[in-house]
Amino acid sequence: MSIYTHKFLVVIAILTMTSDLSIEYSFPDGFMFGASTAAYQIEGAWNEDGKGESIWDRLVHSRPESVADGSNGDIACDSYHKYKEDVALIKGLNAKFYRFSISWTRIAPTGEMHKLNPKGIEYYNRLINEVLANNIEPMVTMYHWDLPQYLQDLGGWTNSIMANYFEEYAKVLFSNFGDRVKWWITINEPMQTCRGYSMQMYAPYLKLDKTGYYLAGHTQLLAHSKAYHLYNEMFRDKQKGKISISINANMYLSKNGSSKIDQDAAERANQFELGWFAHPIFKGDYPPVMRQWVDRKNKEIGRAWSTLPKFTEEEIKLIHGSADFFALNHYTSWHASHGKDLNPYCNSDAEYIGSFDDETWMGSILFWLKVVPEGLHKLLVWIKNEYNNPPLIITENGFVDDGRINDLDRIHYIKTYLNATLQAIHEDKCNIIGYIYWTLLDNFEWLDGYGYHFGIVSVDFNDSKRPRTPKASYHFFKSVIDTKKLDGQ
Ligand code: NOJ
């Protein structure tokens, strides 16, 4: 990028910072900023240096038509070779965190922990060391959706033995990297993993309806808690890190003036999505409304058992309290009202109809992503009240567009969502300690392929060198990090 283009983007970024805000708050001292990526979306090198086949490798190679543009992550951003450039970009932001994920099949090609791949371990050692050498803290996601195909052949997350496999995997990660990694995310967005089992939204691309959906969630909760307790028992004293699980949540809002029945539907939607994973961890067991409604639905069709599995008393205790902070991934909000929705995104067991306020909510090129910062504000307050104000890091939040460098809509999104975060901190005393943008680089957006960009840095996928170019939003985000304010003063 020429010096003139760079200056132009900085000016644009600063100009756009001064509009849209009512009251000006600052981020508290010690507030942590960062940016995020995930292994399959950026690394490429899908079969290099002994890496095994994951469920994403299998899906994109065997059914290329399942991805919008027929593309795949074989090369992606080539971060396996260009990781130093990625780290330099994080450093250029003056960010505290780089959140990235580890590819299970680089560490253990089949997922079996007695058959490790030393070259995979060496790669993550190099990456972690590079991050630390630049005074950045690694936040490592252990599982961001790329399950070893061999484990999928055993049933994947619908088989409860996956919790044992995950615990063994976590042990290898703590043993090899825990001396330097102090922030761990066990699993990224467990609800989305489940959608890969129920509605073909991701690999393994199955249609196992609610049975597969709830079962995959159940196993992930058990896997997460096993990793957490393993850390407590064997590593915490020495390594002194923090562990959580990144739970994704839309905010379901009831429309102004809506009836009690519709308000209950919105609350139920929140409990069936965010509460599904947060309630067992922060309060104990599944949300009562979820247990009641799913059990009733099963009875109604004459089934003698519930598709929502039950934890034993011991499991409830093990899962309860298994997070050192609340890790929230949030992008957007919906309206919810009572009724039966055919839209597969809305869980029919919970009987809510999801909709968008097309008149006032700004949209994006993805139908599900609307710009609703007040939804984030309400969600943060909801979490505070529901779970006793835990320390919370927003581990993902981001906006999608067509990849333009002068990405003013993304700046607007980041600014208004950070403004909502500031309001929650200052006006509602929510204990929010960090914000990590999704994502550092434009990358492989799963079944949407390469046409949908969330990055603050552009990558030229037509050039084999995959050159990176920071966008206007990169400069904007940097000035927020530098000044701790949204108006750049
Ligand atoms: C959440 C996921 O964690 C990430 O992998 C994905 O790219 C973003 N949402 C955007 O869809």
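The values are calculated or read from the model by the stated rules, or taken from the named source; none is laboratory data. Please read all numbers here as calculations on a predicted model, not as lab measurements. For neighbour counting, all protein chains shown are included, and Cβ atoms are generated from backbone atoms with ideal geometry for every residue, glycine included. Areas reflect the complete protein model, heavy atoms only, side chains present, ligands, DNA and RNA absent. Shrake-Rupley method; radii C 1.70, N 1.55, O 1.52, S 1.80 Å.
Suppose we filter region 443-469 for residues that are touching a Leu at 6+ places or on another chain (Cβ under 7 Å), in contact (Cβ under 8 Å) with a residue 60 or more places away in the chain and open to solvent by less than 30 Å² (accessible area, probe 1.4 Å); how many remain?
So the answer is 3.
Would you mind finding the one in K478, K484 that is open to solvent by 10 Å² or more (accessible area, probe 1.4 Å), charged (D, E, K, R) and closer than 15 Å to S36 by Cα?
K478
Inside region 428-473, can you point out the residues that are hydrophobic (A, V, I, L, M, F, W, C) and under 24 Å from N72 (Cβ atoms)?
W438, L440, L441, F444, W446, L447, F454, I456, V457, V459, F461
Please count how many residues of region 421-437 are open to solvent by 10 Å² or more (accessible area, probe 1.4 Å) and of a type in the set (F, W, Y).
0
Can you give me the number of residues within region 372-415 that are under 16 Å from F476 (Cβ atoms) and open to solvent by less than 10 Å² (accessible area, probe 1.4 Å)?
9
Suppose the filter is of a type in the set (F, W, Y), in a loop (DSSP other than H, G, I, E, B) and either at pLDDT below 95 or closer than 27 Å to M139 by Cβ (or both); does W56 pass it?
Judged against the criteria, W56 is not a match.
Conditions tested, residue by residue: (1) touching a residue at least 60 places away in the same chain (Cβ under 8 Å); (2) in contact with a Gly (Cβ under 7 Å, 6 or more places away or on another chain); (3) open to solvent by 60 Å² or more (accessible area, probe 1.4 Å).
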site: Q200; (1), (2), (3): yes, no, no
site: A203; (1), (2), (3): yes, yes, no
site: T211; (1), (2), (3): yes, no, no
site: L222; (1), (2), (3): yes, no, no
site: Y228; (1), (2), (3): yes, no, no
site: I243; (1), (2), (3): yes, no, no
site: S246; (1), (2), (3): yes, no, no
site: K260; (1), (2), (3): no, no, yes
site: R268; (1), (2), (3): yes, no, no
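Can we say Y40 is in contact (Cβ under 8 Å) with a residue 24 or more places away in the chain, touching a strand residue (DSSP E or B) at 6+ places or on another chain (Cβ under 9 Å) and within 16 Å of the ligand (Cβ to nearest atom)?
yes
Could you list all residues from region 98-144 that are closer than 20 Å to A227 by Cα, in contact with a helix residue (DSSP H, G or I) (Cβ under 6 Å, 6 or more places away or on another chain) and open to solvent by 10 Å² or more (accessible area, probe 1.4 Å)?
T110, M113, I121 - these are the residues of region 98-144 that are closer than 20 Å to A227 by Cα, in contact with a helix residue (DSSP H, G or I) (Cβ under 6 Å, 6 or more places away or on another chain) and open to solvent by 10 Å² or more (accessible area, probe 1.4 Å).
If a residue must be more than 30 Å from T211 (Cβ to Cβ) and either open to solvent by 40 Å² or more (accessible area, probe 1.4 Å) or in a helix (DSSP H, G or I) (or both), how many such residues does region 362-371 contain?
So the count comes out to 2.
Which of the residues spanning region 72-87 are outside any helix (DSSP H, G or I) and open to solvent by 20 Å² or more (accessible area, probe 1.4 Å)?
The answer is N72, D74, I75, D78.
Given the conditions (1) within 15 Å of the ligand (Cβ to nearest atom); (2) on the phi > 0 side of the Ramachandran plot, and given that K429 satisfies all but one, which numbered condition is not satisfied?
All conditions are met except number (1).
Kindly list, by first and then second residue, each pair from a residue in region 474-486 that is β-branched (V, I, T) to a residue that is open to solvent by less than 50 Å² (accessible area, probe 1.4 Å), limited to pairs with Cβ atoms under 7 Å and residues at least 6 apart or on different chains.
Every condition considered, the pairs that remain are V480/L418; V480/L486; I481/F33; I481/L93; I481/A95.
Any idea how many residues of region 125-167 are within 16 Å of the ligand (Cβ to nearest atom) and polar (S, T, N, Q)?
Qualifying residue count for the region: 1.
Give me the residue from region 257-282 that is in contact with a Ser or Thr (Cβ under 6 Å, 6 or more places away or on another chain) and closer than 25 Å to G398 by Cβ and, out of that set, farthest from the ligand (Cβ to nearest atom).
Taking the candidates together, the pick is A266.
Can you tell me which residues in region 305-359 are within 16 Å of the ligand (Cβ to nearest atom) and without any contact (Cβ under 8 Å) to a residue 24 or more places away in the chain?
Y345
What helices (runs of 4 or more DSSP H) completely inside region 178-256 contain at least 1 residues that are within 16 Å of the ligand (Cβ to nearest atom) and closer than 22 Å to N270 by Cα?
Correct list: 190-198, 209-230.
Name the one entry in I121, I102 that is among the β-branched types (V, I, T) and away from the ligand (no atom under 16 Å from the Cβ).
Answer to the check: I121.
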